[in-house]
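Please read the structure below before turning to the comments.
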Amino acid sequence: MTLLDEGGADALSMRSLAAALDSSTATLYRQLPGGKEELEALIVDRLMGETMTELAQELQGSSSRPGVEHLAERIRIGAGTSFRVLRRHPAAARLFLLQRPVGPVALFRQEAGIQQMIRDGLAPADAADTYAALGRLVVGSAVQGADDEVAIVEEVREYYASLDPERFPALSGVTEYPRSLDAEFAYALELFIDGVVARVGNGDPRA
C-alpha cells in the first residue's frame with residue numbers, strides 16, 4: 001500500500017516490494033506463489049478491510065431495522081465510506097478495475113451488502129445488480145483522483161468560460177462546470193439512490 005500510495009501503480013512489483021522489505025524476490029514468491037497477481041488480490045482485500053472498519057464506525061447510531069425507509073441512508077453511507085477510502089489510495093483503487101474482489105473480506109462485504117438490500121426490500125436480483133453497479137460507480141469515480149485536481153478543475157472552468165457563447169452557450173454559461181470530483185460523485189450517488197429506491201416493489205422477481 002505504501003509503495004502504491006507514494007509511487008503510483010508503476011511502483012508496485014515483486015522486486016520493488018522485496019527491496020522495500022530488505023528481502024529477496026525468491027522469498028516473496030515462496031510466500032506468494034501467484035506473484036504480483038496474488039499480491040494485488042491481497043491489496044484489494046486489504047482495502048476492503050479498511051472500508052469495513054470505517055463503515056462499522058459510520059453506521060453507528062443509524063437504524064439496524066430492515067425497511068425501505070432505511071435503504072437510501074445505508075447506500076449513501078456505504079458508498080460514501082468506500083469512496084473516501086479509495087480516494088485516499090487512488091493507485092491501489094485502480095486494482096479494482098483489473099479484477100473482481102474475491103478475497104475473504106471482499107466476499108463478506110458483498111454478502112452482507114446484498115443481504116441487507118434484500119432485507120430492505122429489493123428483489124434478490126436487483127440487490128445483486130445494485131451492489132455491482134454501485135461498486136463500479138464508486139471505483140470509477142475514485143480512480144480519477146489526483147493531487148492537482150482542484151487546479152485542473154479551475155483551469156477547465158476558465159477555458160469553458162472563454163469559449164464563444166454563440167457556438168457553446170451551455171459550456172460558456174455554466175459557471176460551476178465541471179465541479180469537483182467529490183461533488184460530482186455526490187450528485188451521481190443521489191441519482192443512483194433515487195433509482196434504486198424506486199425499484200423497491202417494482203423490481204425483477206428473480207430469486
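If the viscosity is 0.890 mPa s and the temperature 25 °C, what translational diffusion coefficient in µm²/s does Stokes-Einstein give for the range 40-199 when Rh comes from Kirkwood over Cα pairs?
Numbers: Rh = 17.2 Å.
Answer, rounded: 142 µm²/s.
Give me the percent relative contact order of the range 40-199, please, defined on Cα pairs under 8 angstrom at least 6 residues apart.
On the way: 140 pairs, mean separation 44.3, N = 160.
The normalised contact order for the range 40-199 reaches 28 percent.
Kirkwood Rh and Cα-based Rg: tell me the resulting Rg over Rh for the range 1-75, rounded to two decimals.
Numbers: Rg = 18.4 Å, Rh = 15.1 Å.
Rg/Rh for the range 1-75 comes to 1.22.
Based on Cβ point charges of +1 for Lys and Arg and -1 for Asp and Glu, what charge dipole magnitude is obtained for the chain about its Cα centre, in debye rounded to the nearest 20?
On the way: 20 positive and 31 negative charges, 170 e Å.
Computed charge dipole of the chain: roughly 820 debye.
Of all the stretches in the chain, which is the longest one without any exposed loop site, taking trypsin sites (Lys or Arg not before Pro) in a DSSP loop (any state but H, G, I, E, B) with at most 12 other Cβ atoms within 10 Å? Let's see the in-between values first.
Values: sites that count: 167, 206.
Longest gap between qualifying sites, sites excluded: 1-166.
With no solvent and one equal point scatterer per Cα, compute the Debye intensity ratio I(q)/I(0) for the range 93-165 at 0.11, 0.17, 0.20, 0.24 Å⁻¹ and report its log10, rounded to two decimals.
Log-scaled intensity ratios, in q order: -0.47, -0.75, -0.88, -1.09.
Please list, ordered by chain and number, the residues whose modelled amide H lies under 5 Å from the amide H of residue 103; skip anything fewer than 5 residues away on the same chain.
For residue 103, no residues qualify.
Read-outs throughout are calculated quantities, based only on the coordinates presented, and are distinct from any laboratory measurement. For clarity, every value in this text was computed on a predicted model and none was experimentally measured. Backbone-built Cβ (ideal geometry, glycine too); neighbour counts: all protein chains shown.
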